[in-house]
Amino acid sequence: MSQPLVSIVVPVYNGEQYLEKTIQSILAQTFQNFELLLINDGSSDNSKQLIDQISESDSRVKAIHGPNGGVAAARNIGLEHSIGEFIAFCDQDDLWLNSKLEKQIPLFENPQTGLVYCGATSQYVLFDKIYEPGFKRKKTGQVFSELVNENMLTCCTAVIRRSCLEQLGGFDPDRSLMGVDDWHLWLKLALICEFDLVSEHLAVHVFHGDNYSLNDQKMHEAELVCLEKIEPLACQFEQKVNWGNIKQQLHLRYARSYIFNGLFDLAGDTYLRADKAQANKKVKFKGWLLKLTPNFIWKILQTAKRKMK
């Protein structure tokens, strides 16, 4: 396959601390036919000056500035200004290995393939830890039924055929999808095209901060919004899905996380929400047990259990 033009979209919001390293990893690609669009999403730090400086020094880099509209809106602005046959995304603090595009683009020789992704290691900066997930749960081909249960790819790993994005109209800028707007787009894409995979870790997904319990609550609600938006669309494409079970499993996943973080009342409420999504007496019992038992008892039991490990 010849080298088609790839447009790489990077939304930037107060990202001066990390942005240079991200850009360097993109510019170092062995696949060289690309344009890099840096979308300044109303930053209040020195991101604007940094973006302008980089674009002036490299003709492949385009600087685009706008008011703050959220990451999905910024990605859509990038799409509007891009001209590539394929579109790739990277966040302002994530990193690419230099062979990423070189290994992904050839898989688009299959005309049914609309998205190609790869693996990504997870780097937790605060704890100085790196996690390398396996590929057992990564799927290819028609992936909607698996993808609706779990988002199997991070945004920095995806390359998408432009025609597929244009058919769908890009990202949904609804801020209630914040954090899962990419999953929402992947699900829409899975209704109209096939996915393919390079089974290598060709990107690094970087996590900053430690407020994971707060993030869990926001992500929990955002994922529910995503499913509510996708359900009628999936019905149009005659995708047979047990939505009650999917929503129940989502609630159960977050309930376990809330318990781990000591949020026992919230976990109880979440078990009860899981029962409402799809009736389950055992789940309902756990919910009421968590809510009616005083929190200090759960904390004592949790502490004792962790000391035994």
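Where the second residue is surrounded by 21 or more Cβ atoms within 10 Å (Cβ to Cβ) and the first is basic (Lys, Arg) and lies in segment 59-76, which pairs have Cβ atoms under 6 Å and are six or more apart or on separate chains?
Here the result reads Arg60/Leu36; Lys62/Leu37; Arg75/Val9; Arg75/Pro11; Arg75/Phe171, each pair linking segment 59-76 to a residue that is surrounded by 21 or more Cβ atoms within 10 Å (Cβ to Cβ).
Keeping to segment 245-277, report how many residues are farther than 16 Å from Asn215 by Cα, small (Gly, Ala, Ser) and open to solvent by less than 20 Å² (accessible area, probe 1.4 Å). Break it down stepwise before answering.
At the first step, the residues of segment 245-277 found to be farther than 16 Å from Asn215 by Cα are 245-249, 252, 264-265, 268-269, 271-277.
Retained after the next criterion (residues that are small (Gly, Ala, Ser)): 268, 274, 277.
Checking which are open to solvent by less than 20 Å² (accessible area, probe 1.4 Å) leaves us with 268, 274.
Summing the residues that are farther than 16 Å from Asn215 by Cα, small (Gly, Ala, Ser) and open to solvent by less than 20 Å² (accessible area, probe 1.4 Å) in segment 245-277 gives 2.
May I ask you to verify whether Ser7 is buried (at least 17 other Cβ atoms within 10 Å of the Cβ), part of a strand (DSSP E or B) and hydroxyl-bearing (Ser, Thr, Tyr)? Lay out the reasoning, then the answer.
Working: buried (at least 17 other Cβ atoms within 10 Å of the Cβ): yes; part of a strand (DSSP E or B): yes; hydroxyl-bearing (Ser, Thr, Tyr): yes.
Considered against the rule, which asks whether it is buried (at least 17 other Cβ atoms within 10 Å of the Cβ), part of a strand (DSSP E or B) and hydroxyl-bearing (Ser, Thr, Tyr), Ser7 comes out as yes.
Conditions (1) in contact with a helix residue (DSSP H, G or I) (Cβ under 8 Å, 6 or more places away or on another chain); (2) open to solvent by 10 Å² or more (accessible area, probe 1.4 Å), marked per residue:
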| site | (1), (2) |
| --- | --- |
| Ile26 | no, no |
| Ser44 | no, yes |
| Leu50 | yes, yes |
| Ser59 | no, yes |
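What single numbered condition from (1) over 18 Å from the mean Cα position of the chain (by Cα); (2) open to solvent by 50 Å² or more (accessible area, probe 1.4 Å); (3) without any contact (Cβ under 8 Å) to a residue 40 or more places away in the chain fails to hold for Phe237?
(3)
How many residues does segment 118-134 hold that are touching a residue at least 40 places away in the same chain (Cβ under 8 Å), over 28 Å from Pro4 (Cα atoms) and open to solvent by less than 60 Å² (accessible area, probe 1.4 Å)?
The qualifying residues number 2.
I'd like to know if segment 85-96 contains one or more residues that are under 20 Å from Glu16 (Cα atoms), open to solvent by less than 50 Å² (accessible area, probe 1.4 Å) and among the small types (Gly, Ala, Ser). Talk me through it step by step, then tell me what you get.
Start the filter on segment 85-96 by keeping residues that are under 20 Å from Glu16 (Cα atoms), which leaves 89-96.
Filter once more, keeping what is open to solvent by less than 50 Å² (accessible area, probe 1.4 Å): 89-96.
Subsequent filtering for residues that are among the small types (Gly, Ala, Ser) retains none.
No; the residues of segment 85-96 include none that is under 20 Å from Glu16 (Cα atoms), open to solvent by less than 50 Å² (accessible area, probe 1.4 Å) and among the small types (Gly, Ala, Ser).
Of the residues Leu101, Leu153, Leu115, which is open to solvent by less than 20 Å² (accessible area, probe 1.4 Å), part of a loop (DSSP other than H, G, I, E, B) and in contact with a strand residue (DSSP E or B) (Cβ under 8 Å, 6 or more places away or on another chain)?
Working: Leu101 fails: part of a loop (DSSP other than H, G, I, E, B); Leu115 fails: part of a loop (DSSP other than H, G, I, E, B).
When all the criteria are applied, what remains is Leu153.
The values are calculated or read from the model by the stated rules, or taken from the named source; none is laboratory data. In this text the structure is predicted, and so the values were computed from the model without any measurement. Neighbour counts run over all protein chains shown; Cβ positions are idealised from the backbone, glycine included. Surface areas here come from the heavy atoms of the whole protein model, side chains and all, with no ligands, DNA or RNA. Shrake-Rupley method; radii C 1.70, N 1.55, O 1.52, S 1.80 Å.
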